Amino acid sequence: MANDILVLADHLRGQLSDATLELVGKAKELAGATGGQAVVALLGAPDLAGQITGADTVLTVDHPALADYTPEAWEKTLLHIVNERQPRLVLIANTTIGMDLGAGLSAAWGAPLVAYAVRLEADGNDIVATAQVYGGKLLAEVVLSGDRGICTVVAGSFPAAAGGGSSAVEAVAAPDGLDDRKTSFLAMVEPEASDVDITGADLLVSVGRGIGNQDNLEEVQELADALGAPLSASRPITDAGWLPKTRQVGKSGLKVKPKVYLTFGISGAPEHLEGMRDAELIIACNTDEAAPIFDVAHYGTTIDLFDLVPALNDKVS
């Protein structure tokens, strides 16, 4: 109720996203400080309720209009839930759906919205959110001091909820009006499959702006091929068209969790770190010893990549 932390479950085509359990873990922590409960709103996919652990309660709403995302139906339903339960804070994954829905709910519910949140802490009766601005180049600290607020949270910002057993499941009736809506879901248009799925790779070799120019990719590609790994990249490389967008790691690209992430010439902008910080082993090569990539790397070197890559090629070829 008034002190509860409500999480919107993020799912697509019958798959619950990792971000949902990340938000549940943070909701449980914040609820402990506010004296409330961690509650999850699961719209249109009640069969997924059993996969949500760590929450106190999962509220399921089942209606054909909610099976696939449409802003009108989901906003109406989520607004119905928050009006009934009046949570202290609503947490939504900062996905395409979340960015769309968070703004609409903010206006409809009359609650402040903090987008691109990467940290959340309770401070007495306040919730303090830290959010990225200017594409992650700056961090802004925002105090949510009222009785309600909404945060859309960047994936990977928090660890997933640890255990906690199954959550209580409560079915909630759909609000009136879902059968008389102005929009409906027609189809999902997906991009053509790429030549490689970097999200499923155990080993990734990744390059950044430090590679200099497109011709220099050849030697790093040779190393990746010798290691049997896909070649991925940070945003400057894909923006330049040197590698396809399907190889981009980061907030605006793909989130990866390989066993080994080997980087060359990547400085470690926040948007890139969000996409790879969960790799089991991160090895970085950058000539700038103050590069942010070294804050998350397990091993690193400031050797020039144009000296290191040929030497590695000699070893593995």
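When LYS76, LYS315 are sorted by how many other C-beta atoms sit within 10 angstrom of their C-beta, beginning with the fewest, the order is LYS315, LYS76. Over 30 Å between Cα atoms: which of LYS76/LYS259; LYS28/LYS245; LYS26/LYS251 fall into that group? Over 30 Å Cα-Cα: LYS76/LYS259; LYS28/LYS245. Bridges between two residues of the chain, per DSSP, are antiparallel at a rate of about 30%.
A dipole drawn for the chain from +1 and -1 charges on Cβ atoms has a positive end, and of MET276, GLY36, TYR261 the residue lying farthest that way is GLY36.
Each of SER157, SER184 has some number of other Cβ atoms within 10 Å of its Cβ, and from fewest to most they run SER184, SER157.
Among VAL7, VAL205, VAL256, sorting on how many other beta-carbon atoms sit within 10 Å of each Cβ, with the fewest leading, yields VAL256, VAL205, VAL7. Spin-label model, ASP288 to LEU186: label points 7 Å out along the Cα-to-beta-carbon direction sit 4.5 nm apart. The stretch between ASN83 and MET99, if pulled fully straight at 0.36 nm per residue, gains 3.7 nm over its current Cα-Cα span. Shape analysis of the range 5-171 places it in the rounded category; the axes a ≥ b ≥ c from the Cα gyration tensor give an a/c below 1.5. Would you work out if the chain is rounded, prolate or oblate? Take a ≥ b ≥ c from the square roots of the eigenvalues of the alpha-carbon gyration tensor; rounded if a/c is under 1.5, else prolate when a/b is larger than b/c, oblate otherwise. Prolate shape, in that a/c is at least 1.5 and a/b is the bigger ratio.
Model label points for VAL196 and LEU139, set 7 angstrom from Cα along the Cα-to-Cβ axis, are 3.3 nm apart. One decimal place: the segment VAL296-THR130 gains 57.8 nm when fully extended, by the rule 0.36 nm per residue minus the C-alpha distance. Karplus-derived 3J(HN,Hα) values for the range 271-283, using 6.51 cos²θ - 1.76 cosθ + 1.60 with θ = phi - 60°, are 5, 7, 4, 4, x, 9, 5, 8, 4, 5, 9, 10, 10 Hz; glycine and proline are entered as x. Whole-Hz Karplus values for the range 291-307 come out as 4, x, 4, 6, 6, 10, 6, 7, 9, x, 9, 9, 4, 4, 4, 6, 8 Hz, taken residue by residue from phi with 6.51 cos²θ - 1.76 cosθ + 1.60 and θ = phi - 60°; glycine and proline positions read x.
Potential lengthening of the chain between GLN214 and ASP123 amounts to 27.9 nm, from the contour at 0.36 nm per residue minus the alpha-carbon distance. Shown in residue order for the range 176-188 are the 3J(HN,Hα) couplings computed by the Karplus curve 6.51 cos²θ - 1.76 cosθ + 1.60 at θ = phi - 60°: 5, x, 5, 7, 10, 9, 8, 10, 8, 7, 9, 6, 9 Hz (x for Gly and Pro).
Laboratory data are not the source of any read-out in this text; all were calculated from the coordinates shown. This is a predicted model, so every value here is computed, not measured. Virtual Cβ from ideal backbone geometry, glycine too; neighbours counted across all protein chains shown.
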